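To keep things clear, I will list the structure first and then write my remarks on it.
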């Protein structure tokens, strides 16, 4: 059992990890990328104190040298669910699982609107995770909506199992050879039909046995059932605690301004709060 | 008229200044020291992301190189009052004055209890600022309570004007030759007596025409009349706005954890909020 699981390897997740480690608590740092794509793609950052002018990639490297110095590695995993288990949480990525007393969510901004029907049909024909649910559709037709480059590997995996139609939602996403590819359509609505799924778009409709919606970002309230949100924003208090005991949130997903310094400050506080939560739980009832 | 006045040159004040400048707003950065004494005295800082292991003085230098790169200088001034003037604020340090549309308070933690009677008699025999009020007591006996090294210069100035009795509240504070010095007493209460002031202690009582209480820290609610506080903590919202329009607060004075990353994050947000406040005021009514 870990003390703290941190989801997200951007500035907030890095700061949380550093501070949890400083309190001598065990942790796992789970990130879709080594450095967040948003940080890495920033051309020049001039307002993170201590680095007068630095590229996003270079600042990401500085952050990771800091992690290295503390012996913290980023586990390249896409967490698909966080389940409350009483006095701890279970995190899953496909078939892998971690158990932790406390969780810090640092998954970045999730400024997207789900497609109509998407949330309602999750687990009933719609999935966010090919690695998790791909086998259920072995040898059957599926849709894959590719929102960004992180989807490429998932689609490659799906294409080995199933007959994939890929709806490309962002230019530049590469689709494996032999996969049917649809570009330039706008999804409107998911519906169930004959035990399968239909995706209605501004053009044709596409029917299949299942549909994979592959975005890097996941709505926090879908990732963690029961989490209180306000629009896309996770509701936190001054300790960056959410409404769920032991679950903290930091960085862009708590709201604007979307700045590295703000994310780092919140991550540091959230990490310290998580460490304090674990310590208090250990002493529970003894006080 | 300046856009933003920032009080405090520690991590929060530095981050605020950098972010106000990034929004192309005019500013003044007023600090009792070049780098905050608290930061400078930190032996080793391991949890400010990007600097795996760094001394406080070295991190302070990195922050100041950042300010230099943006052409921002710390004005070495001890602000004694912030007066609300309608749609702007006037800040004073002795006889100097600055006017700014918005203020960021980043004065650090102020974990002290005022002496009984101190707040009540401010301006009626008790003063926080020798530079401001020393002349009022020219040639007359005064008390000076020296809480830290920042008081030394004030006492030297007072001793040229008046007959000073210095109550030394911290070991190591140097008092000019010829000044009567009292050590090892604990102040209990200020009272008015015969148009003068009496300081009662756990030992003798000391009478004089006026008393100067010389601490680096000032209670934020005394610095800014009308500011909402909760104990020593300034009450802020998620934008780090206080109850006073255009006044923001960031860093240790908003509460724990007293960490550099947290102070930097809050300072950055407060700086951006102040810049946004000024921009909105400029567009006021036009929308």
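Determine the calculated [θ] at 222 nm for the protein assembly as shown from helices alone, applying -39500 (n - 2.57) to every DSSP H run no shorter than 4 residues and normalising by the residue count; nearest 500 deg cm²/dmol. Mind showing how you got there, number by number?
Working: 14 runs with 144 residues, N = 574.
Result for the protein assembly as shown, helices only: -7500 deg cm²/dmol.
Mind checking B:11-23 for the average number of partner chain beta-carbons within 10 Å of each residue's beta-carbon?
Values: counts 4, 2, 0, 2, 8, 1, 1, 7, 8, 1, 2, 3, 1.
Partner-chain Cβ atoms within 10 Å, mean over residues of B:11-23: 3.
On each of the three principal axes of the Cα atoms of chain B, give max minus min coordinate, whole Å, ordered largest first.
So the three principal-axis extents are 58, 49, 32 Å.
Can you tell me what the convex hull of the Cα atoms of region B:165-275 projects to on average, as an area in nm²?
Values: hull surface 40.2 nm².
Here the figure is 10.0 nm², rounded to one decimal.
Averaged over its residues, how many other protein chain Cβ atoms are within 10 Å of peptide A:264-276's Cβ atoms? Display every interim value, and only then the final one.
Details: counts 9, 18, 5, 4, 11, 7, 0, 4, 6, 1, 0, 0, 1.
Counting Cβ atoms of other protein chains within 10 Å of each residue's Cβ and averaging gives 5.
Per residue and in cubic angstrom, what volume does the convex hull of the Cα atoms of region B:1-99 have? Working shown, then result.
Values: hull volume 10.2 nm³, N = 99.
Output value, Cα hull per residue: 103 Å³.
Binning every alpha carbon pair distance of region A:106-157 at 5 Å from zero, what are the percents per bin?
It works out to 4, 15, 26, 26, 20, 6, 2, 0, in whole percents.
Give me the extension gain from residue B:112 to residue B:57: residue separation times 0.36 nm, minus the current Cα-Cα distance, reported in nm with one decimal.
So the extension gain works out to 17.3 nm.
Relative to the longest principal axis of the C-alpha atoms of chain A, give the angle of the C-alpha long axis of helix A:56-69, reported between 0 and 90° and rounded to the nearest 10°.
Its long axis makes an angle of about 60 degrees.
Kirkwood hydrodynamic radius of region A:62-150 from all distinct Cα pairs, in Å?
Details: mean 1/r = 0.0624 Å⁻¹.
One over the average 1/r among Cα pairs gives 16.0 Å for region A:62-150.
Any chance you could give the angle, 0 to 90 degrees and rounded to 10, that helix B:151-161 forms with the longest Cα principal axis of chain B?
Its long axis makes an angle of about 50 degrees.
Ordered shortest first, which distances in nm separate the 7 Å Cα→C-beta label point of residue B:207 from those of the other copies?
When each copy's label point is compared with this one, the spacings are 10.3 nm.
State, to one decimal in nm and shortest first, how far the label point of residue B:153 sits from each corresponding label point in the other identical copies (label point: 7 angstrom along Cα-to-Cβ).
Reported distances to equivalent positions: 5.7 nm.
Measure nothing fancy, just the Cα-based angle from helix B:11-22's long axis to the longest principal axis of chain B, in degrees from 0 to 90, nearest 10.
Rounded to the nearest ten degrees, it is 40.
Could you please point out the chain A residue with its Cβ nearest to the axis of the rotation taking chain A onto chain B, and the distance in whole angstrom?
A:265, 1
Only Cα pairs under 8 Å and at least 6 apart count here; give the relative contact order of chain B as a rounded whole percent. Walk me through the intermediate numbers first.
Working: 617 pairs, mean separation 64.2, N = 287.
22 percent.
Mind listing the label-point distances from residue B:279 to the same position on all other copies, shortest first, one decimal in nm, points 7 Å along Cα→Cβ?
4.0
Give the separation of the Cα centroids, region B:121-145 to region A:30-76, in Å.
52 Å
Let me know the mean shielding of B:60-70 by other chains, meaning the per-residue number of their Cβ atoms within 10 Å of its Cβ.
Working: counts 1, 1, 4, 3, 1, 3, 8, 2, 1, 4, 4.
Rounded to a whole number, the mean comes out at 3.
Coordinate-derived values only; no laboratory data. Just so it is clear, the structure is predicted and the values come from calculations on it, not from any experiment. Neighbour counts run over all protein chains shown; Cβ positions are idealised from the backbone, glycine included.
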